[in-house]
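Let me begin by presenting the structure, written as C-alpha cells, before commenting on it.
The values are calculated or read from the model by the stated rules, or taken from the named source; none is laboratory data. Values in this document were obtained by computation on a predicted structure and should not be read as measured data. Neighbour counts run over all protein chains shown; Cβ positions are idealised from the backbone, glycine included.
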Amino acid sequence: MNGKILGGFIVATALIAGIAIYYLQVYHFYEVVEEEGQIIELTSLHSGAPEEIVAEEIEAIDAESSPIRYRACFQTPMSQALLTETYETYEAAEPLTAPGWFDCYNADEIGEALVSGQAIAFLSKRDVIYGVDRVAAVFDDGRGYIWHQISDCGAAAFEGDPLPEGCPEPAETPNDDPEEDAI
C-alpha cells in the first residue's frame, strides 16, 4: 500500500510540474506589446540605418526572459519590388515558432513562403542586442512578420568560438573582467 501512495505522489508531482513548465513556456513569460507607439523598420540600402515603413494592424509579443522571443505581424501597402529596391534583404532568414495562441504568426507558413519566393526576408535591425538581428518577412500580398534571430556573429560569440570575419567585438560587460569577479 505504501508503494502505491508513493507512486501516486510521484506521478501527481510530475504531472503538476509538467503543467507548470508548459504554462510558463507558452503563456507566462510572453506579454502582448501594445500597438500604440509600435513602428516597423527595415534597414535602408542607402544609409544602412533602420527606417520606418508604412505598416498597420501591428500585433506583437515579447518576453524579457529571452532576446529571441519577439514576434510581430503587420500589414503594409508597400510592394515587394519597392521594398527590395530600398531595403536590405536578409539571406539566412529562419523564422522561429511562436506560441500557438499568437495565431497571426505561423513560422512554417513563413518559412515555406521564403523558400518558394512568395515572401522576401529583410533586415529590420542588426544587433538588437549583440548577435541578435530583427528580421522581417513580407509576402506579396502585403502581410508582414517579424522575429528575432541569432546571427552568425552571435552564434559564434555565444558558443565561445572565434568570431567570423567582419563581426564586431561584443561589448564588454562587467562580468567579462576577471579582476572584478575576484573576491
(message) Just to be sure before I move on: is Glu35 within 20 Å of the chain's Cα centre (by Cα), modelled with pLDDT of 75 or more and more than 21 Å from Ser79 (Cα to Cα) in the structure I sent?
(response) no
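Right, Val26: at pLDDT below 95 and either among the hydroxyl-bearing types (Ser, Thr, Tyr) or assigned to a helix (DSSP H, G or I) (or both) or not? Write out each step before concluding.
Numbers: at pLDDT below 95: yes; either among the hydroxyl-bearing types (Ser, Thr, Tyr) or assigned to a helix (DSSP H, G or I) (or both): yes.
So Val26 passes the test.
Determine, yes or no, whether Thr76 is buried (at least 18 other Cβ atoms within 10 Å of the Cβ), modelled with pLDDT of 95 or more and either within 26 Å of Tyr30 (Cα to Cα) or among the β-branched types (Val, Ile, Thr) (or both). Before you say what the answer is, go through the steps one by one.
Values: buried (at least 18 other Cβ atoms within 10 Å of the Cβ): yes; modelled with pLDDT of 95 or more: yes; either within 26 Å of Tyr30 (Cα to Cα) or among the β-branched types (Val, Ile, Thr) (or both): yes.
So Thr76 fits the description; yes.
Among the residues of region 89-140, how many are among the charged types (D, E, K, R) and over 28 Å from Ser47 (Cβ atoms)?
Narrowing region 89-140 to residues among the charged types (D, E, K, R): 91, 94, 103, 108-109, 112, 125-127, 133-134, 140.
Going one step further and asking which of them are over 28 Å from Ser47 (Cβ atoms), we end up with 103, 108-109, 112.
The qualifying residues number 4.
For the subset of region 79-106 comprising residues that are of a type in the set (A, V, I, L, M, F, W, C) and free of Cβ contacts under 8 Å to residues at least 24 places away in the same chain, which member is surrounded by the most Cβ atoms within 10 Å (Cβ to Cβ)?
Of region 79-106, the ones of a type in the set (A, V, I, L, M, F, W, C) are 81-83, 92-93, 96, 98, 101-102, 104.
With free of Cβ contacts under 8 Å to residues at least 24 places away in the same chain added as a condition, the list becomes 81-82.
Values: Ala81: 10, Leu82: 12.
Per the stated criteria, the residue is Leu82.
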